[in-house]
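Notes follow the structure.
The values are calculated or read from the model by the stated rules, or taken from the named source; none is laboratory data. Computed from a predicted structure; not experimentally measured. FYI the Cβ positions are ideal-geometry reconstructions off the backbone, even for glycines, and counts take in every protein chain you see. In case anyone asks, the SASA skips ligands and DNA or RNA and just uses the protein heavy atoms, side chains included. Shrake-Rupley method; radii C 1.70, N 1.55, O 1.52, S 1.80 Å.
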Amino acid sequence: MKAADFDFLAQLMSRRSGIALQRSKTQMIASRLQAVVRRFGFRTIEAMLAELRFGPEQLVAAVVEALLIADTAFFRDSALFEHVRHKLLPALVKAKGQERCLRIWCAGASTGQEPYSLAMILDEENLARDGWRVELIATDLSAAAITRAREGLYSRHEVERGLAPQTLLKFFVQQGDSWRIEERIRRMVSFRVFNLLDDFGWLGTLDAIFCRNVLIYFDARPKASVLAKLSEALAPHGCLILGASESLTPATDLLRADSTRVFYRHAA
Ligand SMILES: C[S@@+](CC[C@H](N)C(=O)[O-])C[C@H]1O[C@@H](n2cnc3c(N)ncnc32)[C@H](O)[C@@H]1O
């Protein structure tokens with residue numbers, strides 16, 4: 001790929017998603033774009049990129065979608081989910097004891113494994129029994145990922161990534177070679193296509209926001225702006241959960257890591 005083509009794509013991705021394309025990943029980028037080239041009937045990547053410069057929305061959206069990194073797994077970073085079950089949930093239940101309502105957002109939920117992992121924990125902790133209302137919102141920029149998440153149908157390989165056999169049997173129904181999440185768990189999550197670069201107004205105030213392994217791919221400026229919006233959306237007692245290898249840099253003055261270094265809360 002020519003340097004000018006890479007630069008054009010990098011600007012497009014940054015503007016449309018916040019993601020910083022890596023020059024070292026040019027081969028991977030070209031191979032992902034091949035699918036778009038075929039789908040739209042172009043003969044070469046160069047021909048597709050020439051058309052892309054005129055900005056037709058369908059093509060732009062398809063290119064952005066093709067370059068998103070959707071990698072995810074059930075209970076990804078299992079220690080974190082243990083922490084959520086034993087520390088975060090009890091703390092939130094304590095903080096919201098009067099209202100008995102929790103609002104949790106998975107921002108960058110990909111194909112649904114993360115919000116469904118939370119839904120399974122919430123189901124096991126049975127807050128509903130004590131009259132709690134739990135709202136679990138899951139969003140992603142990728143329309144394809146959200147469609148798959150809504151379906152809740154996973155391949156054998158996907159369920160083998162992170163699900164203990166007893167959890168699989170408890171919450172999934174086998175359909176041929178695939179496994180479908182139980183309807184009861186599926187209905188606990190509201191899925192929606194949403195770009196983190198857009199306005200958060202509709203989301204209201206959240207008790208917990210999971211934004212794991214999303215901002216790690218962002219340019220510094222959109223990352224700082226999204227972190228500022230995430231911090232505004234958090235309730236005073238709320239917390240933000242980033243991926244295991246992520247940090248708040250460069251927006252460290254808005255939130256701080258708690259003593260466990262797992263959750264981020266409002267700076268005092
Ligand atoms: C690597 S996956 C992480 C999935 C899940 N949070 C996890 O940790 O397993 C990153 C997700 O972020 C989404 N994403 C990237 N840029 C986004 C943006 N600007 N707005 C919303 N989602 C975005 C991608 O589509 C992808 O599904």
Self-check item: Matching entry among S31, S78 (being closer than 27 Å to H157 by Cβ, of a type in the set (G, A, S) and more than 19 Å from the chain's Cα centre (by Cα))
Solution: S31
Quiz item: Across the stretch 22-52, what is the total count of residues that are aliphatic (A, V, I, L, M) and crowded, with 16+ Cβ neighbours inside 10 Å?
Solution: 8
Quiz item: With respect to G55, is the statement that it is of a type outside the set (A, V, I, L, M) and either in contact with a strand residue (DSSP E or B) (Cβ under 6 Å, 6 or more places away or on another chain) or open to solvent by 20 Å² or more (accessible area, probe 1.4 Å) (or both) true?
Solution: yes
Practice problem: Just need a number here: residues in the stretch 76-93 that are more than 10 Å from the ligand (Cβ to nearest atom) and assigned to a loop (DSSP other than H, G, I, E, B). | Solution: 0
Exercise. Quick one: V60 ticks every box in (1) touching a residue at least 40 places away in the same chain (Cβ under 8 Å); (2) assigned to a helix (DSSP H, G or I); (3) farther than 17 Å from A144 by Cβ except a single one, so which number is it?
Key: (3)
Quiz item: How about the stretch 201-222: which of its residues are in contact with an Asp or Glu (Cβ under 8 Å, 6 or more places away or on another chain) and either more than 13 Å from the ligand (Cβ to nearest atom) or open to solvent by 20 Å² or more (accessible area, probe 1.4 Å) (or both)?
Solution: N213, I216
Quiz item: When the residues of the stretch 1-21 are filtered to those that are at pLDDT 95 or above and open to solvent by 60 Å² or more (accessible area, probe 1.4 Å), which remaining residue is farthest from S225 (Cα to Cα)?
Solution: D7
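Residue by residue, here is whether (1) outside the structural domain of T111 (by TED's automatic domain parsing); (2) within 16 Å of the ligand (Cβ to nearest atom); (3) within 24 Å of I69 (Cβ to Cβ) holds:
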{"position": "S142", "(1), (2), (3)": "no, yes, yes"}
{"position": "R148", "(1), (2), (3)": "no, yes, yes"}
{"position": "E151", "(1), (2), (3)": "no, yes, yes"}
{"position": "Y154", "(1), (2), (3)": "no, yes, yes"}
{"position": "E160", "(1), (2), (3)": "no, yes, yes"}
{"position": "Q175", "(1), (2), (3)": "no, no, no"}
{"position": "S178", "(1), (2), (3)": "no, no, yes"}
{"position": "E182", "(1), (2), (3)": "no, no, no"}
Exercise. Might you check whether a residue that is surrounded by 13 or more Cβ atoms within 10 Å (Cβ to Cβ) and in contact (Cβ under 8 Å) with a residue 40 or more places away in the chain occurs anywhere in the stretch 256-267?
Key: yes
Quiz item: Is it the case that some residue within the stretch 223-232 is away from the ligand (no atom under 15 Å from the Cβ), assigned to a helix (DSSP H, G or I) and farther than 22 Å from D77 by Cα?
Solution: yes
Quiz prompt | Filter result for A208 (closer than 14 Å to R103 by Cβ and either touching a residue at least 40 places away in the same chain (Cβ under 8 Å) or part of a loop (DSSP other than H, G, I, E, B) (or both)) | solution = yes
Practice problem: Residue by residue through the stretch 1-60, note down the ones that are within 16 Å of the ligand (Cβ to nearest atom), small (G, A, S) and over 18 Å from A220 (Cβ atoms). | Solution: A35
